[in-house]
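*Asks:* Before I ask anything, let me first share the structure, which is written out below as structure tokens.
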Amino acid sequence: MKPALVFGTRPEMIKLAPVIRSFLERGVRPLLIHTGQHYDYEMSSVFLRELELPPIDYHLEVGSGTQAEQTGKAMIEIEKVLMEEEPDVTIVQGDTNTVLAGALASVKLKIPVAHVEAGLRSFDRTMPEEINRILADHASDVLFPPTEEARKNLEREGITENVYVTGNTIVDAVLQNSVVAERKSDILERLSLKSGEYILITAHRAENTDSKENLSRLVEILESLPMRAVYPMHPRTRRRLNEFDLWERVASIEHLIVTKPLGYLDFLKLEKNAFAVMTDSGGVQEEAIILNVPCLTLRYNTERPETVKAGGNVLVGLEKGRVLHYLDLLLSDRNFYRRMREAENPFGDGKAGERIVEILLGLYEREKLRIKSSRFI
Ligand code: UD1
Ligand code: UDP
């Protein structure tokens, strides 16, 4: 079988690495296509290196742009490669513009699409990611929802064939890398931080950073934190803080350390040793519950409701009052802190990558890896 993997952003590299690894273990060298949606060293190459991925076969250098510019350019470039290489399946992961571009370019060439992390829904169609998820799922012929809840979302939309609940490959990634991170990373020493005595923050989502009003609310939250915090900052947020004249305020917060985006090993080490995590990231919400770290999500909805139901994640939005209330509870109520830490990981056993590869190879061998003309007959 000749599979092509299309990816372009930080979380896609992290979550597809276990799939790539499993293909290699089965003697299949997948074709690797990097759109270049993320291109800074800290957003891309560091992961290719740390995750020990094989060399990228095609680097499409799509870069940044408006939604349509980025998606359109990626589609055009991906199509050229797929026409040249004629893979048996195109694999995409998640909900970025790269995913939508890869899925559309592929299905229109009649090359079946397999979607890893299918079926997630925030039920908020103002998010670019929600549009990407829905369209990618409907363009796909093989779907790998991570949980039963995600599978049900697909079923509600009429997608029931070739749907396999596998767990999320983020568990594989965390298990494969956190022991190495513990051994190799000296980030706590470098930042003079003590285990359990700081909050780890990430926030980069368009809805939190693209308006001055919302970004100002985030800055107020940062200013009012009751303990030390570290914020590896996504370039989007850094750029917006400058544009809205908010950067100086952030830089002058004494209890806050702002760093560049970190490599995976340093980030995992910081995450595992944090008192709590505050984030608007999808992957970080997942990792927090896997690593037994309480998570406050800086959003009003989540496409990972399993984490909230399990008790490891609370949606606090950009509400300073809610953030401070929950931090106070975590600091003052041992039982509450323990309950959040002990919430059960809903994302599986760390063998999602193996399952995905096994299923794809099985479908290929049975000549069932193909595009069905209709879902509804
Ligand atoms: C994208 C995804 C988002 C995902 C995130 C992972 C979409 C619609 N969004 O958001 O779902 O959570 O990736 O991190 O696909 N930039 C740099 N250097 C880089 C990359 C980006 O400076 O290497 C800056 C540019 O100013 C760019 C901005 O960040 O305009 C946003 O980048 P973009 O890839 O459009 O979206 P993300 O916010 O990264
Ligand atoms: N991450 C990282 N360095 C950082 C911030 C995040 O390695 O400085 C990792 C994190 O461990 C998680 C992934 O990046 O696996 C999440 O990516 P991101 O938040 O950019 O995207 P999302 O998951 O929201 O799509």
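*Asks:* Across the range 49-101, what is the number of residues that are in contact with a Phe, Trp or Tyr (Cβ under 8 Å, 6 or more places away or on another chain), β-branched (Val, Ile, Thr), outside any helix (DSSP H, G or I) and more than 16 Å from ligand 1 (Cβ to nearest atom)?
*Replies:* 1
*Asks:* So if I check each of 267, 275, which one is of a type in the set (Phe, Trp, Tyr), touching a strand residue (DSSP E or B) at 6+ places or on another chain (Cβ under 9 Å) and near ligand 2 (Cβ under 8 Å from one of its atoms)?
*Replies:* Among 267, 275, only 267 is of a type in the set (Phe, Trp, Tyr), touching a strand residue (DSSP E or B) at 6+ places or on another chain (Cβ under 9 Å) and near ligand 2 (Cβ under 8 Å from one of its atoms).
*Asks:* Then there is this: Consider the range 1-42. How many of its residues are part of a helix (DSSP H, G or I) and more than 9 Å from ligand 1 (Cβ to nearest atom)?
*Replies:* Here the count works out to 13.
Quick grid of which residues meet (1) surrounded by fewer than 18 Cβ atoms within 10 Å (Cβ to Cβ); (2) part of a loop (DSSP other than H, G, I, E, B):
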site: 114; (1), (2): no, no
site: 151; (1), (2): no, no
site: 179; (1), (2): yes, no
site: 193; (1), (2): no, yes
site: 218; (1), (2): no, no
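*Asks:* Sticking with this structure for a sec: Applying the selection to the range 153-170, what residues are under 16 Å from the mean Cα position of the chain (by Cα) and either surrounded by fewer than 24 Cβ atoms within 10 Å (Cβ to Cβ) or of a type in the set (Ser, Thr, Tyr) (or both)?
*Replies:* Matches in the range 153-170: 167, 169.
*Asks:* Give the residue, chosen from 42, 61, that is surrounded by fewer than 23 Cβ atoms within 10 Å (Cβ to Cβ), more than 16 Å from ligand 2 (Cβ to nearest atom) and more than 21 Å from residue 350 (Cα to Cα).
*Replies:* Residue meeting the stated conditions: 61.
*Asks:* Something else now. Select from the range 193-211 the residues that are of a type outside the set (Asp, Glu), in contact (Cβ under 8 Å) with a residue 12 or more places away in the chain and over 11 Å from residue 237 (Cα atoms) and list them in ascending order.
*Replies:* Answer for the range 193-211, where residues must be of a type outside the set (Asp, Glu), in contact (Cβ under 8 Å) with a residue 12 or more places away in the chain and over 11 Å from residue 237 (Cα atoms): 193, 195, 196, 198, 199, 200, 201.
*Asks:* Another question about this same structure. Working only within the range 162-175, note down all residues that are of a type outside the set (A, V, I, L, M) and either farther than 14 Å from residue 347 by Cβ or modelled with pLDDT under 95 (or both).
*Replies:* Scanning the range 162-175 gives 162, 164.
*Asks:* Let me ask something additional. What about residue 334, is it within 22 Å of the chain's Cα centre (by Cα) and surrounded by fewer than 20 Cβ atoms within 10 Å (Cβ to Cβ)?
*Replies:* no
*Asks:* Return a yes/no flag: does the range 74-81 have any residue that is surrounded by 22 or more Cβ atoms within 10 Å (Cβ to Cβ), β-branched (Val, Ile, Thr) and modelled with pLDDT of 95 or more.
*Replies:* yes
*Asks:* Moving to a separate point now. Scan the range 174-202 for residues that are more than 21 Å from residue 259 (Cβ to Cβ) and in contact with a Pro (Cβ under 7 Å, 6 or more places away or on another chain) and report the count.
*Replies:* So the count comes out to 1.
*Asks:* Considering the range 195-216 alone, what residues qualify as being part of a helix (DSSP H, G or I) and out of contact with any Leu (no Cβ under 8 Å at 6 or more places or on another chain)?
*Replies:* Those that are part of a helix (DSSP H, G or I) and out of contact with any Leu (no Cβ under 8 Å at 6 or more places or on another chain): 206, 207, 213.
*Asks:* Please find, within the range 1-39, the residue that is surrounded by the most Cβ atoms within 10 Å (Cβ to Cβ) out of those that are hydroxyl-bearing (Ser, Thr, Tyr) and out of contact with any His (no Cβ under 6 Å at 6 or more places or on another chain).
*Replies:* The selected residue is 35.
*Asks:* Enumerate the pairs (first residue in the range 135-146 and within 11 Å of residue 157 (Cβ to Cβ) and touching a residue at least 12 places away in the same chain (Cβ under 8 Å); second residue anywhere and surrounded by fewer than 24 Cβ atoms within 10 Å (Cβ to Cβ) and aromatic (Phe, Trp, Tyr)) with beta-carbon separation below 8 Å, excluding pairs fewer than 6 apart on the same chain, so at least 6 apart or on different chains.
*Replies:* Within 8 Å, the pairs are 143/164.
*Asks:* Taking the range 241-286 on its own, how many of its residues are part of a helix (DSSP H, G or I), within 15 Å of ligand 1 (Cβ to nearest atom) and more than 17 Å from the chain's Cα centre (by Cα)?
*Replies:* The qualifying residues number 4.
*Asks:* Please pick out the residue among 62, 81 that is closer than 22 Å to residue 15 by Cα and either among the aliphatic types (A, V, I, L, M) or touching a His at 6+ places or on another chain (Cβ under 6 Å) (or both).
*Replies:* Answer to the selection: 62.
The values are calculated or read from the model by the stated rules, or taken from the named source; none is laboratory data. Since we're looking at a predicted model, the values are computed, not measured. Backbone-built Cβ (ideal geometry, glycine too); neighbour counts: all protein chains shown.
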